[in-house]
Each structure stands twice: as C-alpha cells, then as structure tokens.
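Input: a single structure, listed below in structure tokens.
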Amino acid sequence: MLGAFLLFTGVGHLTFARAAFVAQVPAWLPLPVDLVVLASGAVEIALGLALLLWAGQRVLIGWLTAAFFVAIFPGNIEQFVSGTDAFGLDTDLSRGIRLLFQPLLVIWALWSTGAWRGWRDRVIASRADRAGPDADER
C-alpha cells in the first residue's frame, strides 16, 4: 500500500499536481523549484517501485523512505508558515493538521517495511552480546 501511495504521489509531482507541489518548495532552498519537484517526484516513484518489486530489500527501502519523508518535511512547514494554499489546505488549521501527518508517514514507512522491528531486534541482540553469555545467571 505504501508503494502504491508513493507511486501515485510521485506521478502527481510530474503531472496533475505539479503546481501544488511547486507551491510547497521552500523559498530559501537554493535550487530551481521545478527541479526540486521533478527530483522529489522521481524519488517517490523509485521508492514506490522498489517497495513493490524489491521485497528482499524492504528494510533498507523502509529506512530510505522514512529519510525521504523527513527530508521533505520543510516543504510542509513552508506551506504552513507562508500560508500557501495547496491540496485543499486553505486554512492555518488544515495546514497545521497536515504537519501532524508527516511523522505518521515516517512511522508507516518504518513499520510497514519491518525497518523498525529490524532495528529493535539488532539493538536487543547487541545488548545481549555486550552482557555476555553469563548474563542470565547474574
């Protein structure tokens, strides 16, 4: 489902929702706005395809997707701060609520791909290794 969501959104960057995505690019970003929108759309398409087609690397792709969601968060902040209307978000309240959804996207990426579970299991195993073989007897 996350892969399909990313594919849809990525295609939107390149086609039907391009103007709305252009409106979210922070003014302080020292890159051409259209390049940012095209590049982020291409990344979303690549991540979506990878999630759908490359099952053996889901954990890695989950981390990359979560990092991508963090990287694009300034665009959501810019939309809120500047009061930019896009995607039907035309009030400060709706733009503020949208900000709350970005962390949920990060969590979705980590949870749905097993990235969070993989990280947690590695941390637990690392702690057990450091404790040594006699840790249960102490």
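The values are calculated or read from the model by the stated rules, or taken from the named source; none is laboratory data. Predicted model, so just to flag it, every value in this text is computed and none were measured. Heads up, the Cβs are rebuilt from the backbone with ideal geometry, glycines too, and the neighbour counts pull from every protein chain shown.
Annotations for the structure displayed:
- Leu104 closer than 20 Å to Ala4 by Cα and surrounded by 12 or more Cβ atoms within 10 Å (Cβ to Cβ): no
- In the range 1-24, the residues that are of a type in the set (Phe, Trp, Tyr) form Cβ pairs under 6 Å with partners that are crowded, with 17+ Cβ neighbours inside 10 Å, at six or more places apart or across chains, as follows: Phe21/His13; Phe21/Val37.
- Within the option set Thr9, Thr84, being surrounded by 15 or more Cβ atoms within 10 Å (Cβ to Cβ), more than 18 Å from Val106 (Cα to Cα) and in contact with a helix residue (DSSP H, G or I) (Cβ under 8 Å, 6 or more places away or on another chain) holds for one residue only, Thr84.
- Test: residue in the range 47-55 that is within 14 Å of the chain's Cα centre (by Cα) and not in a helix (DSSP H, G or I): no
- Index of the failed condition, Val36 passing every other in (1) within 23 Å of Leu89 (Cβ to Cβ); (2) touching a helix residue (DSSP H, G or I) at 6+ places or on another chain (Cβ under 8 Å); (3) at pLDDT 95 or above: (2)
- Candidate set: the range 24-44, residues that are crowded, with 18+ Cβ neighbours inside 10 Å and of a type in the set (A, V, I, L, M); chosen: the one nearest to the chain's Cα centre (by Cα): Val43
- Counted residues, the range 83-113 - those being in contact with a Lys or Arg (Cβ under 7 Å, 6 or more places away or on another chain) and either under 20 Å from Gly12 (Cβ atoms) or not in a loop (DSSP other than H, G, I, E, B) (or both): 1
- Residue match in the range 29-52 (condition: closer than 23 Å to Met1 by Cβ and of a type in the set (Ser, Thr, Tyr)): yes
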